[in-house]
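Data block below; observations after.
The values are calculated or read from the model by the stated rules, or taken from the named source; none is laboratory data. Note that this is a predicted model, so its numbers are computed, not measured. Every residue, glycine among them, receives a Cβ derived from its backbone with ideal geometry; neighbour counts consider all protein chains shown.
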Amino acid sequence: MSRPIQNLLRFYHTVRPLRLRQILGQARNRLRPTYKNRARMRNAPPPPFPGLRWRPPKPFLIPGARRNNADSLTGGAFTFLNQTRQTGWPPDWMCAGAAKLWQYNLHYFEWLWELDYPTARQAALDWITNHDLDENHVGWEPYPVSLRLMNWCGVFFHRFRDAVDMDTKTRDRLWASLWLQARWLMMRVETHLMGNHLFENAAALIVAGSCFAGDEARQWRLRGMRILREQMREQILPDGMHFERSPMYHARVVHVLILLMTLNETDITALVREPLGRALDALDKLRHPDGEIALFNDSAFGVCPEPRLLLEAGRSWAARDATTESWGPWALPAAGFYGWRSPDGTYIVCQYGDLGPDYLPGHAHGGIFSFEMSVNSRRVIVDTGVYDYEAGEMRRYCRSTRAHNTVEIDGQDQCEFWGAFRVARRGRSRETRWAPRPDGFVVSGWHDGYQRLPGRPRHERRIEWSAPNRLMVTDIVSSRRPVTAVSRL
């Protein structure tokens, strides 16, 4: 088959599962006269400061992993994704040469929580002056806008509320920028991506709309609540797991739900409290004895607050206590995670679910039937997790089947990964059987990821754990023609 035909088929299998809403969103983003919109919005005069609407009763849970402190930041050293760069102070907002995800983290402003009011004000005002609404400014993409809205509202109009009240010149400049950012986000809600991006868009509009008084802020809040109601039903699975099956993004969603509960508004509480309880329970199940998350799919340490902090903060808001330690077998059947936990520090988690939503596999890896294990509270069988999102060799490797604790057939991946986030034909887990016992468990199933290959090979895996120390993994590969199978740990 010729290369053009192969590429055409790959494109077809990539876009076929997309929803109409995503396709229309892509078309709208590409066809809209974005530059004119930017110029018109940038030059529009903001309305007068409308006053504040909210008064949350508790402090906000500080986002991120707190890898930066005030001294390093004001010294011009910013650390994101385990990479420290000298940016100057205030930072060079363009950060030429930095990976896009690193730049995103700079523009989230999660690090703002480490600063006192004068220093935080200096950073925000410099950003307003030097990183205005422009097509070449990464800080104006909808995702960083969303996180920055939540952080600026929390830092300046909750933590430093009294100082801002007395500093009306700064207050008015902050309001003018937040007004512009929220209006821009209203036009750029990420229906073309959906998933965690759309969830963050909704939360940001709710936070900004709850923070400020006035009719326009009320419209932000209404739009955010409308999106959130729809997405809560879809994105939080019955077992509490986020539907993209990444423990890291699940932790981020838990953090956002806690933030929304902190607003202490009746309609938000009614919508969020029960799903938050389920999400906390899922987060608790997906943490190793060392306290950190399993690293399935696009997951990494140091991006979200530690699970312990999320569980402690969420406990006071959730409908039930999600931090009670439980021993023995456990399951998240809707997400496809199964495992075991015992007081001697043994922990096992097995991945038997689908990649994620069929229309949104961008954060998925080729790790069907992969597993992780801790012994004596130390990780001994681990997942690769994710390094970065730049298309290239490391991104390809982290997504590949050979980077996971499962079986690779004929040197191919379980799914057709390409680009940084795209997936064409993808494998699906079939006939999963879960049999918990007081002293262990058996989980088994097969997947069809390799049935696109000659001979239609099929991989079946059975994992049996018998406490205290017997783990048996049985793989069966069947095919109509000879194949080469490699099992890795």
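For the reader, a short list of remarks on this structure follows.
- For segment 97-119, the count of residues that are in contact (Cβ under 8 Å) with a residue 12 or more places away in the chain, aliphatic (A, V, I, L, M), more than 25 Å from Leu259 (Cβ to Cβ) and touching a strand residue (DSSP E or B) at 6+ places or on another chain (Cβ under 7 Å) is at least one.
- Per-region count, segment 222-239, residues out of contact with any strand residue (DSSP E or B) (no Cβ under 7 Å at 6 or more places or on another chain) and surrounded by 22 or more Cβ atoms within 10 Å (Cβ to Cβ): 2
- Those residues of segment 444-459 which are part of a strand (DSSP E or B) and among the charged types (D, E, K, R), in sequence order: Arg458
- Entirely in segment 1-94, the helices (runs of 4 or more DSSP H) that have 3 or more residues that are more than 30 Å from Asp165 (Cβ to Cβ), more than 27 Å from the chain's Cα centre (by Cα) and touching a residue at least 24 places away in the same chain (Cβ under 8 Å): 34-43
- Failed condition for Gly302, given (1) at pLDDT 95 or above; (2) within 18 Å of the chain's Cα centre (by Cα); (3) on the phi > 0 side of the Ramachandran plot: (1)
- Among the numbered conditions (1) surrounded by fewer than 22 Cβ atoms within 10 Å (Cβ to Cβ); (2) within 30 Å of Ile368 (Cβ to Cβ), the only one that Met187 does not meet is (2).
- Subset tally (residues that are over 31 Å from the mean Cα position of the chain (by Cα) and either modelled with pLDDT under 95 or under 27 Å from Gln6 (Cβ atoms) (or both)) for segment 432-457: 5
- If the condition is being surrounded by 12 or more Cβ atoms within 10 Å (Cβ to Cβ) and out of contact with any strand residue (DSSP E or B) (no Cβ under 9 Å at 6 or more places or on another chain), then segment 45-57 contributes Pro46, Pro47, Pro56.
- Taking the listed residues Val189, Val207, the one that is out of contact with any strand residue (DSSP E or B) (no Cβ under 8 Å at 6 or more places or on another chain), outside any helix (DSSP H, G or I), of a type outside the set (S, T, N, Q) and within 30 Å of Pro45 (Cβ to Cβ) is Val189, with no other qualifying.
- Contact map, segment 419-439: first residue over 14 Å from Arg399 (Cα atoms), second residue modelled with pLDDT of 95 or more and among the β-branched types (Val, Ile, Thr), Cβ cut-off under 6 Å, separation 6 or more or different chains; pairs are Ser429/Ile368; Trp434/Val443; Ala435/Val442.
- Among the candidates Thr170, Thr129, residue that is without any contact (Cβ under 8 Å) to a residue 24 or more places away in the chain, surrounded by fewer than 23 Cβ atoms within 10 Å (Cβ to Cβ) and hydroxyl-bearing (Ser, Thr, Tyr): Thr129
- Count - residues of segment 357-383 that are closer than 14 Å to Gly449 by Cβ and out of contact with any Ser or Thr (no Cβ under 7 Å at 6 or more places or on another chain): 4
- Looking only at segment 264-306, residues that are charged (D, E, K, R), outside any helix (DSSP H, G or I) and under 24 Å from Gly353 (Cβ atoms) come to 4 in all.
- Just one of the listed residues (Arg488, Arg462) is among the basic types (Lys, Arg), farther than 22 Å from Asn297 by Cβ and modelled with pLDDT of 95 or more, and it is Arg462.
- Pairs meeting the criteria (first residue in segment 179-204 and more than 11 Å from Arg223 (Cα to Cα) and among the hydroxyl-bearing types (Ser, Thr, Tyr), second residue buried (at least 22 other Cβ atoms within 10 Å of the Cβ) and modelled with pLDDT of 95 or more, beta carbons under 7 Å, at least 6 apart or on different chains) are Thr191/Leu198.
- Flag for Arg30 being touching a strand residue (DSSP E or B) at 6+ places or on another chain (Cβ under 6 Å) and modelled with pLDDT under 90: no
- Scanning segment 460-474 for residues that are in a loop (DSSP other than H, G, I, E, B) and surrounded by fewer than 17 Cβ atoms within 10 Å (Cβ to Cβ) yields Pro468, Asn469.
- Output for segment 242-263, where each listed residue is part of a helix (DSSP H, G or I) and over 17 Å from His197 (Cβ atoms): Pro247, Ile258, Met261, Thr262
- Of the residues making up segment 58-78, those that are farther than 19 Å from Arg121 by Cβ and touching a strand residue (DSSP E or B) at 6+ places or on another chain (Cβ under 6 Å) are Arg67, Ala77.
- Val477 being of a type in the set (Val, Ile, Thr), closer than 21 Å to Ser374 by Cβ and crowded, with 16+ Cβ neighbours inside 10 Å: no
- For segment 215-236, the set of residues classified as within 17 Å of Arg273 (Cβ to Cβ), out of contact with any Asp or Glu (no Cβ under 8 Å at 6 or more places or on another chain) and aliphatic (A, V, I, L, M) consists of Leu228, Met232, Ile236, listed by residue number.
- Condition check for Glu390: of a type outside the set (Gly, Ala, Ser), in contact (Cβ under 8 Å) with a residue 60 or more places away in the chain and surrounded by fewer than 19 Cβ atoms within 10 Å (Cβ to Cβ): yes
- Ser72 satisfies every condition listed in (1) touching a Lys or Arg at 6+ places or on another chain (Cβ under 9 Å); (2) among the small types (Gly, Ala, Ser); (3) surrounded by fewer than 19 Cβ atoms within 10 Å (Cβ to Cβ) except (1).
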